[in-house]
Amino acid sequence: MKKEDEDLLVFDEDEAVKYIMSHLPEEVKSTIEETMVEYVLDVVYEYYDENGLIDEDTTEEASIDEEDMLRYIQKCAVKDKMNLTEEQILIILEGEYKYGQSLGIYD
């Protein structure tokens, strides 16, 4: 088992994208592209940063308002003209969560 402070260092965005793409439900595989996954992950990290949820000096758990984060991603997607549905965003977020679990980042 990895220590929490090591977990934060092993998160690799490229690996996360590969993991999410390979674990998509069959019914949505043709509707979600890698660029969509990359975009959502970038916006998630932006959300974490803007809300003070990323602190490289600590391994304390952060409380994340998932509804607020979803609204933030949707707002950014509209602004950036990304054609993402709420369902697609939620599926990508679920994949990111499962990737984090596979690393031991999330319980």
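The values are calculated or read from the model by the stated rules, or taken from the named source; none is laboratory data. Only a predicted model underlies this, so the values are computations on that prediction, with no experimental measurement involved. All Cβ positions, even for glycine, are placed from backbone atoms using ideal geometry, and neighbour counts span all protein chains on display.
I want to confirm something. Restricting to the stretch 1-48 and keeping residues that are in a helix (DSSP H, G or I), at pLDDT below 90 and under 14 Å from the mean Cα position of the chain (by Cα), which single residue is farthest from GLU86 (Cα to Cα)? Checked the stretch 1-48; the qualifying residue farthest from GLU86 (Cα to Cα) is LEU8. Looking across the stretch 73-93 at every residue that is surrounded by fewer than 16 Cβ atoms within 10 Å (Cβ to Cβ), touching a helix residue (DSSP H, G or I) at 6+ places or on another chain (Cβ under 9 Å) and not hydrophobic (A, V, I, L, M, F, W, C), the one that is modelled with the lowest pLDDT is identified as ASN83.
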